[in-house]
1. Go through (1) within 15 Å of the ligand (Cβ to nearest atom); (2) over 14 Å from Asp200 (Cα atoms); (3) surrounded by 21 or more Cβ atoms within 10 Å (Cβ to Cβ) for Cys177 and report which single condition fails.
2. Considering every residue within the range 54-67, establish whether at least one is aliphatic (A, V, I, L, M), within 12 Å of the ligand (Cβ to nearest atom), farther than 26 Å from Ile128 by Cα and out of contact with any strand residue (DSSP E or B) (no Cβ under 7 Å at 6 or more places or on another chain).
3. May I ask you to list the residues in the range 208-242 that are in contact with a strand residue (DSSP E or B) (Cβ under 8 Å, 6 or more places away or on another chain), crowded, with 20+ Cβ neighbours inside 10 Å and not β-branched (Val, Ile, Thr)?
4. Going through the range 9-22 one residue at a time, which ones are outside any strand (DSSP E or B), within 14 Å of the ligand (Cβ to nearest atom) and either over 19 Å from Ala264 (Cα atoms) or out of contact with any helix residue (DSSP H, G or I) (no Cβ under 7 Å at 6 or more places or on another chain) (or both)?
5. From the list Leu142, Leu167, which one is under 24 Å from Tyr248 (Cα atoms) and modelled with pLDDT of 95 or more?
6. So, in the range 26-68, how many residues would count as being in a helix (DSSP H, G or I), acidic (Asp, Glu) and either over 22 Å from Glu103 (Cβ atoms) or in contact with an Asp or Glu (Cβ under 6 Å, 6 or more places away or on another chain) (or both)?
7. Select from the range 133-164 the residues that are surrounded by 17 or more Cβ atoms within 10 Å (Cβ to Cβ), in a loop (DSSP other than H, G, I, E, B) and out of contact with any helix residue (DSSP H, G or I) (no Cβ under 9 Å at 6 or more places or on another chain) and list them in ascending order.
8. Within the range 26-47, is even one residue within 17 Å of the chain's Cα centre (by Cα) and at pLDDT below 95?
Amino acid sequence: MTALGSTARLAGRDVARIGFGALQLERTDVPRETLYPVLHAALDGGVNHLDTAHFYGAANDVIREALHPYPDDLVLVTKVGANRRDGALVAAQQPAELRAQVEENLATLGVERVDVVNLRRIDAPPGIIAEGDQIVDLDDQLAELISLREQGKIGAIGLSNVSADQLRHALPAGITCVQNNYNLLDRTAEPVLDLCREHDLAWVPFFALGARYPGFPQVTEDPVVQEIAQDLGGTPAQVGLAWQLANYEGTLLIQGTTSLEHLAENLAVAKIELPAAALDRLSSR
Ligand SMILES: NC(=O)c1ccc[n+]([C@@H]2O[C@H](COP(=O)([O-])OP(=O)(O)OC[C@H]3O[C@@H](n4cnc5c(N)ncnc54)[C@H](OP(=O)(O)O)[C@@H]3O)[C@@H](O)[C@H]2O)c1
């Protein structure tokens with residue numbers, strides 16, 4: 001148990017089930033100085049799992065500036081598979097590109113080893129899709145990541161945006177976590193989650209409250225979620241996140257925010273236990 005309640009295993013460590021995702025730290029419309037207190041408050045509140053990527057613009061710099069030297073219990077997770085060119089995300093799936101991105105992450109995070117590296121596949125939406133020489137065999141990518149792990153540059157390997165078949169195929173490489181798009185209103189990734197349950201892997205949903213693209217349903221706007229939030233005296237975001245935690249004991253949340261108020265709401269999810277009837281109603285959405 002931690003200040004944030006129960007923990008789950010990630011890369012052989014126990015981490016609080018409420019972590020923090022750094023995607024919002026790339027925002028240029030938010031003064032950088034206002035982001036440091038959010039990161040400090042997250043760690044002070046018990047977060048010891050940060051999810052980031054070098055291709056999230058300034059995110060790694062903000063993390064390093066705010067938190068380096070890092071506390072011993074902090075698990076830093078990054079991802080590789082894309083790059084930024086002229087502000088836009090471009091595919092970077094080839095093994096040499098993955099290695100270069102690991103090196104960039106080490107440099108920008110200011111560490112000699114990053115605890116977990118997620119291989120972000122781009123065979124399927126959301127986001128950019130691989131074409132031409134960016135369609136790379138999974139085994140070739142895993143071989144490069146295994147070599148980086150053997151060299152001590154990464155602690156463990158995770159996968160992101162993968163199918164159940166891809167995860168099953170990759171298991172012999174030693175996979176610690178899977179990060180896929182998954183939420184109450186879009187459970188397409190359920191077979192991948194089932195495989196995580198079967199193999200005791202950490203399950204790290206992104207878009208945990210709904211895909212952030214126009215036209216996609218938002219969990220916080222769902223009438224049943226709103227009703228349950230009102231009954232419990234919480235917010236719809238808290239109900240959507242609490243449902244994720246109740247769904248599998250290996251689920252780790254990485255909702256990010258630039259707001260201290262939203263951060264406090266997200267940390268408080270650790271204390272929310274959804275009544276069985278509410279859980280049933282939500283799960284049958
Ligand atoms: N592997 C992948 O392909 C992939 C893709 C996307 C994201 N990720 C990772 O997953 C993490 C989560 O991604 P995400 O897209 O789901 O979320 P996110 O980018 O971390 O945050 C999305 C939005 O949620 C808002 N928010 C946070 N807490 C809230 C609350 N309590 N109430 C209302 N709004 C709230 C934030 O706005 P405010 O700043 O105003 O709070 C933000 O605009 C990212 O940070 C990133 O680390 C991975």
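The values are calculated or read from the model by the stated rules, or taken from the named source; none is laboratory data. A quick note: this is a predicted structure, and the numbers were derived from the prediction, not measured. Cβ atoms come from the backbone with ideal geometry, glycine included; neighbour counts cover every protein chain shown.
1. So the condition that Cys177 fails would be (2).
2. The answer is no, given that none of the residues of the range 54-67 is aliphatic (A, V, I, L, M), within 12 Å of the ligand (Cβ to nearest atom), farther than 26 Å from Ile128 by Cα and out of contact with any strand residue (DSSP E or B) (no Cβ under 7 Å at 6 or more places or on another chain).
3. Once the filter is applied, which keeps residues that are in contact with a strand residue (DSSP E or B) (Cβ under 8 Å, 6 or more places away or on another chain), crowded, with 20+ Cβ neighbours inside 10 Å and not β-branched (Val, Ile, Thr), the range 208-242 yields Ala208, Leu209, Gly240, Leu241.
4. Gly19
5. Sole residue among the options that is under 24 Å from Tyr248 (Cα atoms) and modelled with pLDDT of 95 or more: Leu167.
6. Adding up the residues that qualify gives 2.
7. Hit for the range 133-164 is Asn161, nothing else.
8. yes
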